[in-house]
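Remarks on the structure that follows.
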Amino acid sequence: MTDPNPYSSAALAEAAEQGIKIAGFLCNWCSYGGADTAGVCRFKQPTDLRIVRIPCTGRMDPLFVAKSLIYGVDGVLVSGCHPKDCHYAVGNLYARRRLEMLKSFLSFMGIDARRFHYTWVSASEGQRWQQVVTEFSEQIHRLGANPGVRKQPGENLKPVGGQKEAPIP
Amino acid sequence: MRIGVFVCQCGTNIAATVDTEAVAREARTFADVAYATSYMYTCSEPGQQEIQRAISEHNLQGVVVAACSPRMHEPTFRRAVAKAGLNRYMFEMANIREHVSWIGNDRAPNTRKAVDLVRMAVAKLRFNQPLIALKMPVNKRVLVIGAGIAGIQTALDCAEGDLDVVMVERRPSIGGKMAKLDKTFPTIDCSSCILGPKMVDVSQKENITLYAASEIESINGYVGNFIVQIRKKATYVDWETCTGCGLCMEKCPSAQAPDAFNEGLGATKAINIPFPQAIPRKASIDPLHCRHFTRGKCGVCSKICPVKAINFDMQDTIVTEEVGAIIVATGYDLFDHSIYGEYGAGRYPDVISGLQYERILSASGPSGGHIRRPSDGREPKDIVFIACVGSRDPSVGRPYCSGVCCMYIAKQAILTRDHLPESNSYVFYMDIRAPGKNYDEFVRRAQEEYGVQYIRGRVGKVYPRGNRMVVQGADTLLGVQVEVEADLVVLATGIEASAGAGDLAEKLRISYDQYGFYMESHPKLRPVETNTAGVYLAGACQGPKDIPASVAQGSAAASKVQALFARDTIETNPQVALVNERACIACAKCIQVCPFGAIKWKELRGDILKAEVLPTVCQGCGLCNATCPCKAIQLQHSTDNQILAEVNELCA
């Protein structure tokens, strides 16, 4: 039975099932600002991307990418400040090494490495952001839905590191 | 947790392409969401009151606002929830304007995306912890980098407010580009007459410490407590003892050093005081042209100096200054006009830049204020000005308008007529940009009162014919090719970012645009601030500007610093890393990667080592968090669990 309300939970879930989902991890200082700039300039982009704001690409744990790709998203885009322009001086350089390393492990993990891309976009480069999103989204659309997707382990997220949240000072 | 969700319509900015009612309806089905609504303008006063009302009415413990970018209104909403008694970090934003409604027109996918983003924000919020900011003392001294008119204005305004000012200028004298100008538009008042007294004020204010011929070596620390290392370059003259008498300059036998102050027109002595009004009025040696350095013998200056200030063995020295705020006023450089090969600058001596012509017009210039062309010293009769040299031209990577050239050509054409009433001036222009107060009237005066001939069109070629230059161009209004014979061609060279702007930005940890101009925090509403707290911008380092705009921004930056220093303490950002000592295995990886030295060893019970974060030094990048092999160190407000919660929702 079709739902008359196009935005009801059932309809949304159905649409989401068909749709491609891309996770974006963006550094707060450059690329998140670049994505804002693109929005302010009304540069049209595909709507598959969901952006997670992180303080710096140096914060990127390769786990975030791996977990996203294993448990459901069809592509992961990471973007930060251009090398030498990092708000925290060197965070993006560490990110580059880690993500480069991760890239070489993805196929070993059974994930098409083309589903992962990392790049640098500054806060002023709205146009470049539009181009990055459009090209990556098109690439993921060509690859189609992620076949390696496993179902979530469960509703509850297990805290990592065997710890509860860090205590308040 | 009881969470409230507020979906902003932003008038029609969001509501036009996102069904905000549907997003709110959907949000009500999320776990822990106790209240969800859609509102016309959530950031407005009634909108904020609505949040506060809902917090008390529904006993909310956390709030999600789905609206514009958190870079825009996160501080606004944090204050709003804090007023209602919540901790300001029990708040999350979903960006459904810049990242959704403004970049797509399809209502259904936009609405789905907005729902996803809200669900992610709610998921993160469930893991949020209240955070408390620490209070830090503020060092009420300010560093001003660059001593052109913007830097001078900002330093004087700060000093006027009883702040200690440290001023760093890389050239041997302050004054910047304005000191080189002859007159200023649109009033034609003498540049050095209005700048000179301000320069003197800088040298006389007791609370301004001036480092000329110095550059920034490194900057550490954070707002309220920066530690700055300044490299004082070797000038080979002890400025403590130099009296600026100028005797050395008179007697120096090496007279072939390029005269930077006169833009390379003419030469100066190897030991020189850059110009008569220089502040500080001290001599310095150009080691590339000094005979002592090039030939190993001379020393005339050291023999003649009455106070024995010459020191050929001088080395660069590093001094350390501690300040609480930094104002960057590094100005601009001129576009290299020789890039336009067809104009022949660099090949033909009579094709010069606008600033070179300014020196020729100036009474303190190489020809003493008499207009003489560089090649043969003759008075020119016909002078052609070419506008937009390195402005509004994507082919040379300068698509922006430099903003001042139209005005300074008009001024120079007027001055030329004043100096040489018999001369003819021609201006090749694309458009006339004269948007300031009395600017358009000024250009009109040049055209109507002074008879300057304005030809709308680009110049294709400049080449010599006999001892004159031929300027070939188009008159696009008449639709004909034109050819003007001229004695002197002045190129209205545009403004570009100062050399080394990128290096300095790296040290300051501020960003710059693709042309090298520093990025302000918000193009309209925060034009003076940068995204690095405590670092402010003044003048043309932020983008091409004329003198009034530079002065205005200099004063604005000074008032920002005064406001920052009005309190004795500032609140630190509590979004810093925190170590769970039970999980820490003391591998020291976090200590190695921290760019700020914010992690130290801590000894427990005498012999057990654990990492410890200094919360006032930590900048919150999270590099340690990603590095820690056992996830014992967590960046608060962006913990692994918070980010993974968002990822989980995305995967759901």
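FYI, it's all coordinate maths here, none of it is from the lab. It should be emphasised that the depicted structure is a prediction, and the values quoted were computed from it without experimental measurement. Here Cβ is always computed from backbone atoms with ideal geometry, including for glycine, and neighbour counts include all displayed protein chains.
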**Complete:** In region B:443-524, the GluC sites (Glu not before Pro) that sit in a DSSP loop and have at most 10 other Cβ atoms within 10 Å of their own Cβ are B:E449
**Extended-chain gain in nm, criterion 0.36 nm per residue less alpha-carbon gap, B:D106 and B:E45** = 18.9 nm
**Fill in**
Taking only the alpha-carbon atoms of chain B, the convex hull volume per residue, in cubic angstrom, is 208
**Message:** One quarter of the convex hull surface, Cα atoms only: what value does that give for the protein assembly as shown in nm²?
**Reply:** 42.0
**Asked** So what are region B:153-195's ellipsoid semi-axes, whole angstrom, largest first, if each one is the square root of 5 times an eigenvalue of the alpha-carbon gyration tensor?
**Response** 24, 15, 6
**Item:** Fraction of antiparallel bridges per DSSP, region B:396-474 only, in percent to nearest 5
**Value:** 60
**When region B:3-125 is reduced to its Cα atoms, the Kirkwood hydrodynamic radius in Å** = 13.7
**Request:** Calculate for chain B the 222 nm mean residue ellipticity that helices alone would give, adding -39,500 (n - 2.57) per DSSP H run of length 4 or more and normalising by residue count, nearest 500 deg cm²/dmol.
**Result:** -8000 deg cm²/dmol
**Request:** Would you mind computing, in nm to one decimal, how far apart the modelled labels at B:A533 and B:F312 are, each placed 7 Å from Cα along Cα→Cβ?
**Result:** 5.3
**Message:** Cut-off under 18 Å on the C-alpha distance; same-chain residues fewer than 8 positions from B:K381 excluded. Which aspartates and glutamates are left, in chain and number order?
**Reply:** B:D350, B:E358, B:D418, B:E422, B:E483, B:E485, B:D487
**Fill in**
The equivalent-ellipsoid semi-axes of region B:333-496, taken as the square roots of five times the Cα gyration tensor eigenvalues and listed largest first in whole Å, are 21, 19, 17
**Asked** Based on the Cβ-Cβ distance from B:C190 to B:S559, what FRET efficiency comes out when R0 is 35 Å, to the nearest 0.05?
**Response** 0.80
**Prompt:** Normalised by the residues of region A:19-146, what does the relative contact order come to in percent, with Cα pairs under 8 Å and at least six apart?
**Reply:** 39
**Request:** Rounding to the nearest 20 debye, state how big the charge dipole of the protein assembly as shown is about its Cα centre with +1 on each Lys and Arg Cβ and -1 on each Asp and Glu Cβ.
**Result:** 1420
**Message:** Just to be sure I follow: if Rg is taken over the C-alpha atoms of region B:564-633 and Rh is the Kirkwood radius over the same atoms, what is Rg/Rh?
**Reply:** 1.05
**Prompt:** What's the center-to-center distance, using Cα atoms, between region B:281-339 and region A:25-82 in Å?
**Reply:** 47
**Asked** Label B:E441 and A:F105 with points 7 Å out from Cα along Cα→Cβ: what is the distance between them in nm?
**Response** 7.1
**Request:** Mind putting a number on the dipole of region B:333-496 about its Cα centre? Charges go on the C-beta only, +1 for Lys and Arg and -1 for Asp and Glu, and I need it in Debye to the nearest 20.
**Result:** 80
**Fill in**
Quick calc: nm separation of the 7 Å Cα→Cβ label points for B:C587 and A:C41 -> 4.2
**Complete:** Here the gain from full extension of B:E342 to B:S203, 0.36 nm per residue of separation minus their alpha-carbon distance, amounts to 45.6 nm
**Asked** How big is the antiparallel share of DSSP beta bridges in chain B, given as a percent to the nearest 5?
**Response** 50
**Asked** Taking 0.36 nm per intervening residue step and subtracting the Cα-Cα distance, what contour gain separates B:R79 from B:S56 on full extension?
**Response** 6.7 nm
**Request:** Please report B:K600, B:K177, B:K124, B:K205 as a ranked list, fewest other C-beta atoms within 10 angstrom at the top and most at the bottom.
**Result:** B:K600, B:K205, B:K177, B:K124
**Asked** At q = 0.21 Å⁻¹, what is the log10 ratio I(q)/I(0) for region A:19-146, with the Debye formula run over Cα points and no solvent?
**Response** -1.21
**Request:** With a cut-off of 17 Å, note down the residues of region B:116-148 whose backbone N falls inside the zone around a label point 7 Å from the Cα of B:V319 toward its beta carbon.
**Result:** B:141-147
**Request:** Could you sort out which of B:K269/B:K297; A:K103/B:K602; B:K183/B:K251; B:K233/B:K269; B:K113/B:K524 sit more than 26 Å apart by Cα distance in this structure?
**Result:** A:K103/B:K602; B:K183/B:K251; B:K113/B:K524
**Request:** For region B:154-296, state what percent of all Cα-Cα pairs lands in each successive 10 Å bin, counting from 0 Å until the bin that includes the largest distance.
**Result:** 10, 34, 34, 17, 4, 0
**Message:** Just to confirm the filter: which trypsin sites (Lys or Arg not before Pro) across region B:286-363 are DSSP coil and have at most 14 other Cβ within 10 angstrom of their Cβ?
**Reply:** B:R295, B:K297, B:K308, B:R347
**Message:** Calculate the FRET efficiency for B:A499 and B:A267 from the Cβ-Cβ distance with a Förster distance of 25 Å, rounded to the nearest 0.05.
**Reply:** 0.65
**Net charge dipole size for region B:125-223 [Lys, Arg +1 and Asp, Glu -1 on Cβ; Debye, nearest 20]** = 380
**Message:** Sequence gap at least 6, Cα distance under 8 Å: using those rules, report the relative contact order of region B:577-636 to the nearest whole percent.
**Reply:** 47
**Asked** Relative contact order of chain B: what whole-number percent is it, with Cα pairs under 8 angstrom and at least 6 residues apart?
**Response** 13
**Complete:** Once the dipole of the protein assembly as shown is set up from charges on Cβ (+1 Lys and Arg, -1 Asp and Glu), the residue from the list B:A123, B:A626, B:A15 lying farthest towards its positive end is B:A626
**Message:** I need the phi-derived Karplus couplings for region B:59-71: 6.51 cos²θ - 1.76 cosθ + 1.60, θ = phi - 60°, integer Hz, Gly and Pro marked x.
**Reply:** 6, 6, 10, x, 10, 10, 10, 9, 7, 7, 5, x, 5
**Request:** Just rank A:V78, B:V396, fewest to most, by other beta-carbon atoms within 10 angstrom.
**Result:** B:V396, A:V78
**Request:** First select every other residue whose beta carbon is under 11 angstrom from the beta carbon of B:Q542; then total the charges, Lys and Arg +1, Asp and Glu -1.
**Result:** -2
